[in-house]
Amino acid sequence: MSIHQSSNVKRITTHILQEMKNRGEKISMLTAYDFTMAGIVDTAGIDIILVGDSASNVMAGHETTLPITLDQMIYHATSVVRGVKRAFVVVDIPFGSYQGNSSEALRSAIRIMKESGGHAVKVEGGSEIKESVSRILSAGVPVMGHLGLTPQSIYKFGTYTVRAKEETEAQKLLDDAKILEDCGCFAIVLEKIPASLAKKVAESISIPIIGIGAGPHVDGQVLVVHDMLGITQEFQPRFLRQYADLRADMNKAVQNYIKDVKSKDFPNDQESY
Ligand code: KIV
């Protein structure tokens, strides 16, 4: 029985996520960018759906997450929200819509919440964006932080390799996690950092810590859904576990369709009016 067939679907909230951390139950999180995929992931029972700005790569074919706009994120988020009954929906605020000043950050967050119906926003960074985070939180909008490899800063890093291996960067990450917790964030994503550092963060910070390439000692895991389903295939980092090979299956299905059309096998009498 799918999770939606049971009579009452209980929506995931920030409170429930915190309880999960407190009792040691791992939190599952995947991305989605459209109505259909959101429905599939939600029905399977995922706890959090992230409308990630990775839509810039996965849906639009850009090399980085930088080009996606606030309007485009709202479009994706609106479609996702329509497909979700149970999961908690978090929406990335895109590059350039919150770093400049806290008033703009608040305006962007409010647009996302009002226009898409999402349940929370996610932002990348620590001390540098503290004011923006506090301003958004003061309006009653839940905020998820994102530290470690923060793709919106890719041109500063210059590479997608593991972050915070050096002591100074590791200490800054620990400090930033504390700042985000003190501001009132409900959770933090840690991307591509040593497992031992992620463990330290998860043990010293009371809010849920969700990892991607951050090892097993955190409170939950997130992956890009197209990567774990094997739809995208160029991206094969060590942290990615592929649960299906849908690109091959889809390719085969399309080839079979083409063959049937060309050979006049499709449509047959039962498929015609
Ligand atoms: O945009 C995204 O998909 C993300 C995840 C990788 C955490 O931020």
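The values are calculated or read from the model by the stated rules, or taken from the named source; none is laboratory data. Computed from a predicted structure; not experimentally measured. Positions of Cβ are generated from backbone atoms using ideal geometry, with glycine treated the same way; all protein chains shown enter the neighbour counts. The accessibility values were calculated without ligands, DNA or RNA, using every heavy atom of the protein model including side chains. Shrake-Rupley method; radii C 1.70, N 1.55, O 1.52, S 1.80 Å.
Checking Ala214 against (1) part of a loop (DSSP other than H, G, I, E, B); (2) open to solvent by 30 Å² or more (accessible area, probe 1.4 Å); (3) within 15 Å of the ligand (Cβ to nearest atom), which single condition isn't satisfied?
That leaves (2) as the condition not met.
With the condition being polar (S, T, N, Q) and either farther than 24 Å from Glu128 by Cα or within 15 Å of the ligand (Cβ to nearest atom) (or both), I'd like the strands (runs of 3 or more DSSP E) fully within the stretch 2-118 carrying at least 2 qualifying residues.
Fully inside the stretch 2-118 and qualifying: 27-31.
Which is surrounded by fewer than 18 Cβ atoms within 10 Å (Cβ to Cβ), acidic (Asp, Glu) and either at pLDDT below 95 or within 30 Å of Ile40 (Cβ to Cβ) (or both), of Glu128, Glu115?
Being surrounded by fewer than 18 Cβ atoms within 10 Å (Cβ to Cβ), acidic (Asp, Glu) and either at pLDDT below 95 or within 30 Å of Ile40 (Cβ to Cβ) (or both) holds for just one of Glu128, Glu115, which is Glu115.
Looking at the stretch 74-91, I want the residues that are farther than 16 Å from Ile46 by Cα and have a partner that is in a loop (DSSP other than H, G, I, E, B) with Cβ atoms under 8 Å, at least 6 apart or on another chain. Which pairs are those?
Qualifying pairs under 8 Å: His76/Tyr33; His76/Asp34; His76/Met59; Ala77/Gly117; Ala77/Gly118; Thr78/Gly117; Ser79/Tyr33; Ser79/Asp34.
Looking only at the stretch 177-201, which residues are in a helix (DSSP H, G or I) and away from the ligand (no atom under 16 Å from the Cβ)?
Lys178, Ile179, Glu181, Asp182, Cys183, Ala195, Ser196, Leu197, Lys199, Lys200
Determine the pairs where a residue that is in the same structural domain as Ser28 (by TED's automatic domain parsing), located within the stretch 182-204, has a partner that is open to solvent by 40 Å² or more (accessible area, probe 1.4 Å) and part of a strand (DSSP E or B) with Cβ atoms under 6 Å apart, the partner being 6 or more residues away or on another chain.
Pairs that qualify, where the first residue is in the same structural domain as Ser28 (by TED's automatic domain parsing) and the partner is open to solvent by 40 Å² or more (accessible area, probe 1.4 Å) and part of a strand (DSSP E or B): there are none.
Spot the failing condition for Val141; the list is (1) out of contact with any Leu (no Cβ under 8 Å at 6 or more places or on another chain); (2) open to solvent by 30 Å² or more (accessible area, probe 1.4 Å); (3) more than 14 Å from the ligand (Cβ to nearest atom); (4) not basic (Lys, Arg), and only one is missed.
(2)
Taking Val89, is it within 23 Å of Asn8 (Cα to Cα), hydrophobic (A, V, I, L, M, F, W, C), touching a Leu at 6+ places or on another chain (Cβ under 9 Å) and surrounded by 17 or more Cβ atoms within 10 Å (Cβ to Cβ)?
So Val89 passes the test.
Take the stretch 217-230 and flag every residue that is in contact with a strand residue (DSSP E or B) (Cβ under 8 Å, 6 or more places away or on another chain), assigned to a loop (DSSP other than H, G, I, E, B) and open to solvent by less than 20 Å² (accessible area, probe 1.4 Å).
Of everything in the stretch 217-230, just one residue is in contact with a strand residue (DSSP E or B) (Cβ under 8 Å, 6 or more places away or on another chain), assigned to a loop (DSSP other than H, G, I, E, B) and open to solvent by less than 20 Å² (accessible area, probe 1.4 Å), namely Val218.
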